[in-house]
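Here is the structure we will look at.
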Amino acid sequence: MLGKVLTSLLLLAVFFHEPAEAQKKKETLLSEKVTQMMEWASKRSVIKMNGDKFRRFVKAPPRNYSVVIMFTALQPQRQCGVCRQADEEFQVLANSWRFSSAFTNKVFFASVDFDEGSDVFQMLNMNSAPTFLHFPSKGKPRRSDTYELQVRGFAAEQLARWVADRTDVQIRVIRPPNYAGPLLLGFLLAVIGGLAYLRRHNLEFLFNTNVWAFSALCFVLVMTSGQMWNHIRGPPYAHKNPSTGQVSYIHGSSQAQFVAETHIVLLFNAAVTMGIVLLCEAATSDLDIGKRKIMCVAGIGLVMLFFSWLLSIFRAKYHGYPYSFLMS
């Protein structure tokens with residue numbers, strides 16, 4: 001009887017000892033991982049990861065911290081200008097978090113370069129860069145853990161809002177001082193002031209309707225091309241697929257745009273405007289009939305050609321739009 005009791009007690013001790021030992025090992029491993037991540041973060045706000053580091057510190061449990069990773073292709077041979085621009089904004093965000101008083105080990109920022117972690121790209125079935133993913137402290141990433149780069153752009157402020165939504169960590173973005181804007185404005189004001197001083201005895205140019213019309217027209221073209229949207233959202237200049245190398249200058253959605261797209265639209269609108277101006281001049285000027293015919297033909301050609309291109313861009317962004325002109 002005593003032997004059975006001792007055997008039962010021994011089995012109970014073994015049964016409870018193994019989970020306790022496993023839990024202790026788990027806590028030790030977690031502590032080592034957090035310590036290592038904190039050490040890397042102290043040296044560099046954005047931790048550089050390869051395949052081994054990604055599998056060990058992001059994919060493998062245990063983990064009680066979130067990781068925001070930018071998958072990119074920064075090597076010169078990749079020729080990914082968008083990646084460099086996104087990397088600068090990501091560095092601003094990571095530095096703002098790393099050097100804030102609220103910094104904890106709850107969130108880390110990391111990057112995986114295609115040339116240093118192509119196996120990670122294959123593991124995640126990823127074929128474009130840059131891409132931002134959030135790996136939560138518990139569970140697998142959801143659809144909302146993938147940042148909508150084409151819609152939101154990669155400005156640090158937009159990324160901070162997304163991080164706050166996914167992790168409840170509020171990051172106040174602090175940018176390094178940029179004196180280029182004030183210096184450029186000061187230089188422009190100095191040039192205008194100098195010209196006004198040199199012509200202080202003849203300021204008739206201020207009342208020139210052509211000057212004011214041209215200035216107003218340039219302002220309207222800049223605003224209607226989407227420059228303010230670029231300033232607010234900070235979209236990439238273009239998009240290059242790292243697998244195929246194909247560069248897209250026109251965004252395929254009506255909810256977003258590239259910077260290059262606004263430049264193209266600006267030039268096309270300017271060409272259409274020039275065509276309208278030529279037609280108006282051909283109808284009202286006192287030039288000989290031959291020159292007026294040339295101006296008329298040139299104006300019609302500019303309007304028809306560039307309006308057709310504008311309409312084709314519209315069709316490419318608003319899928320299902322039925323109308324076209326000259327070209328589809």
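The values are calculated or read from the model by the stated rules, or taken from the named source; none is laboratory data. This structure is a prediction, so every number in the text was calculated from the model and none was measured. Please note: Cβ atoms are built from the backbone with ideal geometry, for glycine as well, and neighbour counts cover all protein chains shown. When the accessible area is computed, the model is the full protein with side chains, heavy atoms only, and any ligands, DNA or RNA have been set aside. Shrake-Rupley method; radii C 1.70, N 1.55, O 1.52, S 1.80 Å.
Worth a mention:
- Test result for V68, outside the structural domain of A238 (by the TED database) and either more than 15 Å from S45 (Cβ to Cβ) or without any contact (Cβ under 8 Å) to a residue 40 or more places away in the chain (or both): no
- Apart from one condition, H134 fits all of (1) outside any loop (DSSP other than H, G, I, E, B); (2) open to solvent by 50 Å² or more (accessible area, probe 1.4 Å); (3) not aliphatic (A, V, I, L, M); the exception is (2).
- Of all residues in segment 78-103, those being of a type in the set (S, T, Y), touching a residue at least 60 places away in the same chain (Cβ under 8 Å) and out of contact with any helix residue (DSSP H, G or I) (no Cβ under 9 Å at 6 or more places or on another chain) number 1.
- Restricting segment 297-315 to residues that are open to solvent by 50 Å² or more (accessible area, probe 1.4 Å) and among the hydrophobic types (A, V, I, L, M, F, W, C) leaves a set whose member that is nearest to H251 (Cα to Cα) is F314.
- Extreme residue, nearest to M304 (Cα to Cα), among residues of segment 271-289 that are open to solvent by less than 70 Å² (accessible area, probe 1.4 Å) and among the hydroxyl-bearing types (S, T, Y): T273
- A Cβ distance below 9 Å, combined with a sequence gap of six or more or placement on separate chains, defines the contacts here; from segment 250-266, residues that are in the same structural domain as G234 (by the TED database) reach residues that are of a type in the set (V, I, T) and surrounded by 20 or more Cβ atoms within 10 Å (Cβ to Cβ) in the pairs Q257/V265; F258/V82.
- Just one of the listed residues (S144, S128) is part of a helix (DSSP H, G or I) and within 18 Å of the chain's Cα centre (by Cα), namely S144.
- For A298: the one exception among (1) in contact with a helix residue (DSSP H, G or I) (Cβ under 6 Å, 6 or more places away or on another chain); (2) outside any helix (DSSP H, G or I): (2)
- Helices (runs of 4 or more DSSP H) completely within segment 159-247 that count 2 or more residues being in the same structural domain as N105 (by the TED database) and of a type in the set (S, T, Y): none
- In segment 31-72, the qualifying residues are those that are among the aromatic types (F, W, Y) and part of a helix (DSSP H, G or I), and the one that is farthest from F114 (Cα to Cα) is W40.
- Conditions (1) closer than 30 Å to K293 by Cβ; (2) open to solvent by 70 Å² or more (accessible area, probe 1.4 Å); (3) touching a residue at least 12 places away in the same chain (Cβ under 8 Å): number failed by T209: (3)
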